[in-house]
1. Given the structure, is A:P301 farther than 30 Å from A:G499 by Cα, surrounded by fewer than 19 Cβ atoms within 10 Å (Cβ to Cβ) and not assigned by TED's automatic domain parsing to the domain that holds A:T422?
2. Could you identify the single residue in A:A421, A:A416, A:A408 that is out of contact with any Gly (no Cβ under 7 Å at 6 or more places or on another chain), crowded, with 24+ Cβ neighbours inside 10 Å, outside the structural domain of A:G75 (by TED's automatic domain parsing) and farther than 30 Å from A:T336 by Cα?
3. Kindly indicate whether A:N510 is surrounded by 23 or more Cβ atoms within 10 Å (Cβ to Cβ) and either in a loop (DSSP other than H, G, I, E, B) or assigned by TED's automatic domain parsing to the domain that holds A:N241 (or both).
4. Within the range A:252-265, is even one residue within 14 Å of chain B (Cβ to nearest Cβ), out of contact with any strand residue (DSSP E or B) (no Cβ under 9 Å at 6 or more places or on another chain) and at pLDDT 95 or above?
5. Going by what's in this entry, would A:I683 be described as under 27 Å from A:R509 (Cα atoms), surrounded by fewer than 24 Cβ atoms within 10 Å (Cβ to Cβ) and facing another protein chain (nearest Cβ under 10 Å)?
6. Regarding B:A114, is this residue of a type in the set (A, V, I, L, M), assigned to a helix (DSSP H, G or I) and surrounded by fewer than 17 Cβ atoms within 10 Å (Cβ to Cβ)?
7. So which residues in the range A:386-404 are more than 14 Å from every other protein chain (Cβ to nearest Cβ), in a loop (DSSP other than H, G, I, E, B) and either of a type in the set (D, E, K, R) or closer than 24 Å to A:Y222 by Cα (or both), if there are any at all?
8. When the range A:639-659 is examined, which residues are found to be more than 10 Å from every other protein chain (Cβ to nearest Cβ) and in contact with a strand residue (DSSP E or B) (Cβ under 9 Å, 6 or more places away or on another chain)?
Amino acid sequence: MPQPSFLVFSLPPTSRRDFLKNAGCLTIGFALLGLATEATGGPLADELPGSLQDNPRINAWLEVLSDGRVRVLTGKIELGQGIRTAVQQVAAEELDMSLNKVEVALAETDRTPDERYTAGSASIEQSAMSVRYAAAAARQKLLTLAAQKLGTKLTQLTLADGLIQTKDKKRQLTFAQVLNGAQLTDEVRLPIKLKPKNQYRYVGKAVHRQEIERMVRAEEWYVQDLRFPNMLHARVLRPANYESKLVKLDEAELKRLVPGLLKVHIDGSFVGLLAEQEYHAKLAQDYAKLHAQWTPGRTLPTGQPLPDYLRKLPNTPKPVANQGSFDTPPAAGATTLQASYFKPYLMHGSIGPSCAVALFDQGKLHVWTHSQGVYPLRESLADLLKLPMETIHVKGVPGSGCYGHNGADDAAADAALLAVATPGRHVRVQWAREDEHAWEPYGSAMVIDISARLDPSGRITHWQQQVWTDTHSSRPNGQADKLLPTQYLAQPRMPKNDGAADFSAGGYRNAEPLYVVPNLKVDAYFFEGPLRVSALRSLGAYANVFAIESFMDELAEKAKQDPWEFRLAHLQDERAKAVVRKAQEIASQQQLAEGEGLGGAFAQYKNKAAYVAVVAKVRIKEEGTVYRPQLWAVIDSGEVINLDGIKNQTEGGLIQAASWTTTEEVVFDAHGVRSRQWESYPIYRFDEVPYIMGVTVLDYPNKPPLGAGEAAQGPTAAALANAVYRATGKRVRELPLRPEKLVDEPERRQQPG
Amino acid sequence: MEADLTLHVNGQPHAVRVDPATPLLYVLRNQLALNGPKFGCGLQQCGACMVVLNGNLAWPSCQLPVSEVLHMTVTTLEGLTRPDGSLHPLQQAFIDEQVPQCGYCLNGMVMCGAALLAQDAKPNEEEIRNSLYRVLCRCSVHSRAIKAIKRASEV
């Protein structure tokens, strides 16, 4: 497909050329050559990933370029998780090419496979594995075609770095020569021979992400950096509160105050402010915020503890697990324990507020976005704008890390609405900090009750868990009504809360303990809470694991057992046990000073993805803060693709989850959200961040790779709470671990400075 | 209200015609097409827009009127790269330690670190943490950033 003609940037010439050429991904790799003949047998795949079943043709995933390189296409977007490097690694591996000869094209409608959302730690399992099989199939096909062209047998050919040679090296063909301008349109079908894992050069290694050099040179483009000739800058005046309606905005006065303001686009309570200069759009937004009048909007609940309020909301029950029986009375010597846990609303908190660029020209709409799902977004925009799907083109461009569903899709809808109202000019919408803080869909607050029965030997016989939660997915998913601006148009469409029907099942993710318990009952109750919510990294697993793993420590204490041994006694899965044992070993090596506490926790993400155990060592400062905890993680995510990628994701997960756990809570009053910038929603700063003491990766090269990016979130929370209990004797069951919960009031002093 | 101003950015004079009240960040990005400094909050709370003034002062550019820097030198992330294309030791250390994930806040970490190293060739961990205090990072690569600055100071 030719590059669209509107891709013109005001960027330095070299960089522009590279950017256009590579559609967002340069490759500056290290050249490593290797030879493997086709006589060697590799493992056979037994099942194709879902993404590949949906998009079965080789050229959906891989294109041979005329200059000897290949381009890999992924329907996923780079979010900082390193998916570009992972797909580059698996393709280079199967095709025996150097990494710098493999470029990667990210999610774009009508260009890359439709892989729906980049979410749920599924990119390696789906996209990278699809690329692996497509590349392996491409290899077989290229060799077969080359053998025909050269009139020789397959076993007489070698393939390396884009070149197919006869063993005597007398004759050779490049991939491009084999195909002569065509692409491989065959369907990827089983059986597929994969490269033997003991011959891997890239997979499993700590491969450098090549975009990092571009980042340090400021040559990596983010959606925020797209700058088109004649582009308009826009801000959107968001309402004063959820469901507020615009009463009055004096456009004439606004234009007098900000002469650079070009256009005010008002559709009901959706207000776009467009200017030639970005600063003038920002000024207009600042002034408009001061002068616009709104109805008060939705009244948010106050006056009682949030957990109590959420528990009393009407809800839809959803049975999650039910085995054994709870009818029998406790046997003699049995003990029971119960506890309630709470996790507040949490923010994604992307450092770069959401942004998008759109152009409506000659009946076609082009959108550049950091959305996690370009295809679903296109469907939603078609619904919003009543445009035929084929007239909309959505290109994914990396943005600031999102950690789930933030304002990205909403900003794209803002830009699309304003572009349609201003045909022929690119419109760039930049959300302000306050827009992101106040309007992003948060991770839902959750309340979790657990009760369990121990037999006299200290084994858990009964486990009953109840989870109260809002939905964990309000992604637009093809409809317009979940896009924020849709809800404020003159003819608004209000979203339906999917609640218990939410396909992601996020509320009860990890609500079933992995531990073997003969009598188990888990129920989820879906409420519609006061705040806008959607998917935040790990969804409900963060709170469910926090509750289960805190409770496991409480049970172990009741049973007078070592918490690691107690967990091991209730685990069957050998890989789970291996992770727990490694964490136990790390914990056993720690010396504790006066006032320090050591805690641990474990979970297998989604009970089917990566296994993670976390060890935390804490001490509490006089005023009650958990001061720079020391953290260790042990992770088994099956076959390792990029060792450093797993480590970096896990380190980041540990610190981010520690910030959530010790510090964070979205604050609101009756009139709306009060966490509207970083001072009212603090996250860790450098003076507070934990010490990462080590991430141990257990590699299982012959097992499938397991999603890892979200796996540390829950165990980190519980490890910290368990460590705090050991250090202080205080069992905190309501997050965050705020100072007032850790130190008794009379002892607590104000933090100096 | 626009005025002709001359800025001294990355060793070069740049003539721009802008409203003198415009924050430096918007001029660097939109007039000079420098994408190193990023918009993060516009409130001097997150450090994404950090630049180095007069060679050793890291300062957020999102609220700093461009008229205030006419007599100063401004260095952006682009300006750390030497004219021959080779990297500042801190840029190299960020590659060697594979610090960033999304990379959006990298500018703030590198610019604060560069200013620190310009003042103190051998900072200790506390000094490094203090120098990065104004920078927020949500991917949470803090511990790698601290390692990278230590590594650059050992070159």
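1. On the way: farther than 30 Å from A:G499 by Cα: no; surrounded by fewer than 19 Cβ atoms within 10 Å (Cβ to Cβ): yes; not assigned by TED's automatic domain parsing to the domain that holds A:T422: yes.
Considered against the rule, which asks whether it is farther than 30 Å from A:G499 by Cα, surrounded by fewer than 19 Cβ atoms within 10 Å (Cβ to Cβ) and not assigned by TED's automatic domain parsing to the domain that holds A:T422, A:P301 comes out as no.
2. Values: A:A421 fails: crowded, with 24+ Cβ neighbours inside 10 Å; A:A408 fails: out of contact with any Gly (no Cβ under 7 Å at 6 or more places or on another chain).
Checking each option against the conditions leaves just A:A416.
3. yes
4. Keep residues of the range A:252-265 that are within 14 Å of chain B (Cβ to nearest Cβ), which gives A:256-261.
Still in the list and also out of contact with any strand residue (DSSP E or B) (no Cβ under 9 Å at 6 or more places or on another chain): A:256-257, A:259.
Next, from what is left, pick out any that are at pLDDT 95 or above: A:256-257.
Yes, there is a match, as at least one residue in the range A:252-265 is within 14 Å of chain B (Cβ to nearest Cβ), out of contact with any strand residue (DSSP E or B) (no Cβ under 9 Å at 6 or more places or on another chain) and at pLDDT 95 or above.
5. Details: under 27 Å from A:R509 (Cα atoms): yes; surrounded by fewer than 24 Cβ atoms within 10 Å (Cβ to Cβ): yes; facing another protein chain (nearest Cβ under 10 Å): yes.
Considered against the rule, which asks whether it is under 27 Å from A:R509 (Cα atoms), surrounded by fewer than 24 Cβ atoms within 10 Å (Cβ to Cβ) and facing another protein chain (nearest Cβ under 10 Å), A:I683 comes out as yes.
6. Values: of a type in the set (A, V, I, L, M): yes; assigned to a helix (DSSP H, G or I): yes; surrounded by fewer than 17 Cβ atoms within 10 Å (Cβ to Cβ): no.
Criteria not met by B:A114.
7. Looking only at the range A:386-404, we keep the residues that are more than 14 Å from every other protein chain (Cβ to nearest Cβ), and these are A:386-395.
Filter once more, so that each one left must be in a loop (DSSP other than H, G, I, E, B): A:386-388.
Within the range A:386-404, A:K386 is the sole residue that qualifies.
8. A:V640, A:L643, A:I646, A:T650 - these are the residues of the range A:639-659 that are more than 10 Å from every other protein chain (Cβ to nearest Cβ) and in contact with a strand residue (DSSP E or B) (Cβ under 9 Å, 6 or more places away or on another chain).
The values are calculated or read from the model by the stated rules, or taken from the named source; none is laboratory data. All of these numbers come straight from a predicted model, not from anything done at the bench. No Cβ is skipped: glycine too gets one built from the backbone with ideal geometry, and neighbour counts run over all protein chains shown.
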